[in-house]
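The values are calculated or read from the model by the stated rules, or taken from the named source; none is laboratory data. Since the structure is predicted, the reported quantities are computational estimates derived from the model, not experimental observations. Cβ atoms come from the backbone with ideal geometry, glycine included; neighbour counts cover every protein chain shown.
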Amino acid sequence: MLQVHGLSVEVGGRLLVQDVSFTIMPKDKVGLVGRNGAGKTTTFRTLGGELEPAAGKILRKGGFGYLSQDPRIEGVLDTRLAVTHVLSGRNIDEQLDRIEKLRVAMEADPNERNVARFSRVQDEFSSSGGYAAESEARSIMAGLGLPPDRMDLPIGVLSGGERRRVELSRILFAGSDLLLLDEPTNHLDVDAKSWLLDFMRKYRGALLVISHDLDLLDEAITRVIHLDRPNEDSLGTVHEYKGTYSQYKAARAKDEERLAKVATLQAKEIARLQAVVDRFGAKATKAAMAHSKEKQIARLE
């Protein structure tokens, strides 16, 4: 679950989003949308823990997986195998490392003690579902379009797109309670996108996603959070809509039409009041009334 209370986000000392609050419950599948430049990615990086909030609180209950728009596999040796990195999502890589060390020790000195230790640890790994988990990890990697012959290669030789698929595989394999995914369909072909959409539909945890993929937004989410920041000088706020992206678009269009009508009426009222101020402001007997109208204009603006 994700709870956001009074969140404000800034970049380079400039405030982008102010006093935003929302909650994402288990099984909620939510899309974060807004115009380009509205601050979605900066807000997302803050939600994912990459950036500190300028104000407010972010509460994440349970484990969470976070895919940034440009994920970097930090702190991982380029010599580490891709499948090993995916397995690290559940710390299975540590168990495999232990088995490998015991195997090397056994081959160097195949005495009864070393053979027994290796066999015992290998049996424990197998009975706890370790090898089944490795099969699951490879299945996820394959679903995301990584060929089998690339899974056992060192991360350092993979392309940027392949690394992104490996990192997404690790996040999905981890089985977290909350997923924060920024443009998860980047670098995925049609089949991989279809596999990911199916995964997201079946996912039982809480999901928050940014995407320009309309199929994903229409088929995998049930709620939309619109980050409303009309221009570079305004502060972002959020408005929530139930339903798919198409349903959000229809509801948003009605809201914008209503807001446009309100703005037109407001502009007319400001013009009317300004005319009163201009007409009577210079007359001492009407100065109080003119001042009152000026206050009304300030409130409307």
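Listed by first and then second residue, the pairs linking a residue in segment 34-46 that is farther than 13 Å from LEU15 by Cβ to a residue that is of a type in the set (Gly, Ala, Ser) and modelled with pLDDT of 85 or more, with Cβ atoms under 9 Å apart and 6 or more places separating them unless they lie on different chains, are LYS40/GLY34; THR41/SER68; PHE44/SER68; ARG45/SER68. Restricting the first member to segment 116-134 and to residues that are more than 22 Å from PRO148 (Cα to Cα), and the second to residues that are among the β-branched types (Val, Ile, Thr) and at pLDDT 80 or above, the beta-carbon pairs closer than 8 Å and six or more apart or on different chains are PHE118/ILE99; VAL121/ILE99; GLN122/ILE99; PHE125/ILE99. Regarding segment 207-215, can at least one residue be identified that is in contact with a helix residue (DSSP H, G or I) (Cβ under 8 Å, 6 or more places away or on another chain), among the small types (Gly, Ala, Ser) and either outside any loop (DSSP other than H, G, I, E, B) or over 20 Å from GLY89 (Cα atoms) (or both)? Looking for residues that are in contact with a helix residue (DSSP H, G or I) (Cβ under 8 Å, 6 or more places away or on another chain), among the small types (Gly, Ala, Ser) and either outside any loop (DSSP other than H, G, I, E, B) or over 20 Å from GLY89 (Cα atoms) (or both), one finds at least one in segment 207-215, hence yes. Against the criterion of being part of a helix (DSSP H, G or I) and either under 23 Å from the mean Cα position of the chain (by Cα) or on the phi > 0 side of the Ramachandran plot (or both), ALA132 does not qualify.
The residues on offer are ASP228, ASP215, and the sole one that is of a type in the set (Asp, Glu) and in contact (Cβ under 8 Å) with a residue 40 or more places away in the chain is ASP228.
Is there a residue being touching a residue at least 12 places away in the same chain (Cβ under 8 Å), in contact with a His (Cβ under 6 Å, 6 or more places away or on another chain) and not small (Gly, Ala, Ser) anywhere in segment 197-204?
no
When segment 216-237 is filtered for residues that are in contact with a helix residue (DSSP H, G or I) (Cβ under 6 Å, 6 or more places away or on another chain) and modelled with pLDDT of 90 or more, only VAL224 remains.
A quick yes/no check of all residues on (1) farther than 27 Å from SER21 by Cα; (2) out of contact with any strand residue (DSSP E or B) (no Cβ under 6 Å at 6 or more places or on another chain); (3) hydrophobic (A, V, I, L, M, F, W, C); (4) not in a loop (DSSP other than H, G, I, E, B):
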residue	(1), (2), (3), (4)
ARG150	yes, yes, no, yes
GLU167	yes, yes, no, yes
LEU181	no, no, yes, yes
LEU188	yes, yes, yes, no
TRP195	yes, yes, yes, yes
LEU227	no, no, yes, yes
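Tell me yes or no: at least one residue of segment 157-164 is over 25 Å from ASP213 (Cβ atoms), assigned to a helix (DSSP H, G or I) and in contact with a Ser or Thr (Cβ under 8 Å, 6 or more places away or on another chain). No; the residues of segment 157-164 include none that is over 25 Å from ASP213 (Cβ atoms), assigned to a helix (DSSP H, G or I) and in contact with a Ser or Thr (Cβ under 8 Å, 6 or more places away or on another chain).
Report the residue count in segment 240-265 for those that are part of a strand (DSSP E or B) and surrounded by 14 or more Cβ atoms within 10 Å (Cβ to Cβ).
Just the residues of segment 240-265 that are part of a strand (DSSP E or B), to begin with: 240-242.
If we keep only those that are surrounded by 14 or more Cβ atoms within 10 Å (Cβ to Cβ) as well, we get 241.
So the count comes out to 1.
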